[in-house]
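Asks: Below: one structure in structure tokens.
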Amino acid sequence: MVYPDNETGKVDRSAALEVLKSYKLVPVSEEVLNPGALDASSQIMRLKKGGISHIIFCGGIPQIAAVFLRESKKYGLNIPVLGSWATCAEEVIRLARGAAKRFYAVNHMSSWYDDEPGVAKMRKITLKYDPGTEKPYRGNIYTHGWVLGLVTVESLKRAGRVLDRETYINVLEGIKNFDTGGLCGPISYSTTSHEGGNTWKIFKGRAGY
């Protein structure tokens with residue numbers, strides 16, 4: 001397990017340990033890689049000595065994730081690296097410079113280029129009002145913003161003309177299995193849960209991206 005020694009890293013580490021515990025697994029080794037790091041050679045050498053088979057990269061810092069992937073390739077640590085949702089970012093792949101072949105990360109939103117009807121509609125509308133901007137690649141955060149907009153519009157429609165804070169909250173809590181067309185999984189809220197959804201996709205990096 002690799003994580004930054006900050007609040008985000010500690011929270012992700014704690015959650016990962018709980019999940020591993022449920023599978024009766026314990027990390028062979030834990031290494032700290034802090035924000036701003038430009039080198040991970042000492043961490044990687046210690047990991048190699050541990051005879052590990054997989055790495056869980058906790059903490060959502062794309063820059064150090066890319067550093068770790070580059071250094072892993074440099075020092076021959078050719079094993080899968082599993083990243084948290086915030087490391088599932090296109091800049092990680094670009095910054096890794098071809099070292100992301102064994103990088104996997106999860107995200108609850110689809111990619112700009114995914115083959116889903118909701119994604120196709122998002123691309124069509126985006127490029128209608130912002131033509132010629134297919135590149136640079138739009139990331140999952142763009143999809144996230146689009147979904148927020150869809151849910152907001154749907155809630156306003158359901159609320160009608162009498163709109164206040166209480167009405168809006170009641171309407172949101174009444175949304176069940178809202179279909180985004182594949183932008184993400186179905187969205188549901190209730191009086192006891194404001195999470196929205198619990199579906200995830202696994203993305204894999206490509207060498208030579």
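The values are calculated or read from the model by the stated rules, or taken from the named source; none is laboratory data. Treat the numbers as computed from the prediction; the structure is a model and nothing was measured. Because the Cβ atoms are built from the backbone with ideal geometry, glycine has one as well, and the counts that use them run over all protein chains shown.
Asks: Scan segment 155-200 for residues that are without any contact (Cβ under 8 Å) to a residue 40 or more places away in the chain, in contact with a Ser or Thr (Cβ under 8 Å, 6 or more places away or on another chain) and on the phi < 0 side of the Ramachandran plot and jot them down.
Replies: A159, Y168, V171, L172, E173, I175, K176, F178, P186
Asks: Hey, can you tell me all the residues within segment 124-138 that are surrounded by 13 or more Cβ atoms within 10 Å (Cβ to Cβ) and either out of contact with any Phe, Trp or Tyr (no Cβ under 7 Å at 6 or more places or on another chain) or of a type in the set (A, V, I, L, M) (or both)? Quick ask: steps written out before the conclusion?
Replies: Taking segment 124-138 first, the residues surrounded by 13 or more Cβ atoms within 10 Å (Cβ to Cβ) are 126, 134, 137-138.
Residues satisfying the conditions are T126, E134.
Residues are listed down the side, and each one gets a yes or a no for (1) out of contact with any helix residue (DSSP H, G or I) (no Cβ under 6 Å at 6 or more places or on another chain); (2) closer than 16 Å to A100 by Cβ; (3) touching a residue at least 40 places away in the same chain (Cβ under 8 Å):
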| residue | (1), (2), (3) |
| --- | --- |
| L25 | yes, no, no |
| V28 | yes, no, no |
| E31 | no, no, no |
| D39 | yes, no, no |
| I44 | no, yes, no |
| G51 | yes, no, no |
| I55 | yes, yes, yes |
| I61 | yes, yes, yes |
| I64 | yes, yes, yes |
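Asks: Follow-up. Of all residues being in contact with a Lys or Arg (Cβ under 8 Å, 6 or more places away or on another chain) and not in a loop (DSSP other than H, G, I, E, B) in segment 167-209, which is surrounded by the most Cβ atoms within 10 Å (Cβ to Cβ)? Just the residue, please.
Replies: V171
Asks: Next up: Looking at E134, E71, which is the one that is outside any strand (DSSP E or B), farther than 18 Å from F203 by Cβ and modelled with pLDDT under 90?
Replies: Values: E71 fails: modelled with pLDDT under 90.
After applying the criteria, what remains is E134.
Asks: For segment 141-163, indicate whether the set of residues that are crowded, with 18+ Cβ neighbours inside 10 Å, at pLDDT 95 or above and assigned to a loop (DSSP other than H, G, I, E, B) is non-empty.
Replies: no
Asks: Can you tell me which residue among G118, G145 is of a type outside the set (F, W, Y), in contact with a Cys (Cβ under 9 Å, 6 or more places away or on another chain) and either farther than 21 Å from A37 by Cα or in the same structural domain as G76 (by TED's automatic domain parsing) (or both)?
Replies: Details: G145 fails: in contact with a Cys (Cβ under 9 Å, 6 or more places away or on another chain).
Being of a type outside the set (F, W, Y), in contact with a Cys (Cβ under 9 Å, 6 or more places away or on another chain) and either farther than 21 Å from A37 by Cα or in the same structural domain as G76 (by TED's automatic domain parsing) (or both) holds for just one of G118, G145, which is G118.
Asks: In segment 90-112, how many are more than 21 Å from G197 (Cβ to Cβ) and in a loop (DSSP other than H, G, I, E, B)? Can you show your working first?
Replies: Narrowing segment 90-112 to residues more than 21 Å from G197 (Cβ to Cβ): 90-103.
In the following step, the residues that additionally are in a loop (DSSP other than H, G, I, E, B) were identified as 97-102.
Total meeting the criteria: 6.
Asks: If you don't mind, there's one more thing I want to ask. Let me spell it out: the conditions are (1) over 24 Å from K121 (Cα atoms); (2) over 19 Å from the mean Cα position of the chain (by Cα); (3) of a type outside the set (G, A, S), and E195 meets all of them except one. Which number is the exception?
Replies: Unmet for E195, out of (1) over 24 Å from K121 (Cα atoms); (2) over 19 Å from the mean Cα position of the chain (by Cα); (3) of a type outside the set (G, A, S): (2).
Asks: Next up: In segment 72-114, how many residues are crowded, with 21+ Cβ neighbours inside 10 Å, closer than 18 Å to E30 by Cβ and either out of contact with any Pro (no Cβ under 8 Å at 6 or more places or on another chain) or free of Cβ contacts under 8 Å to residues at least 24 places away in the same chain (or both)?
Replies: Looking only at that region, the number is 4.
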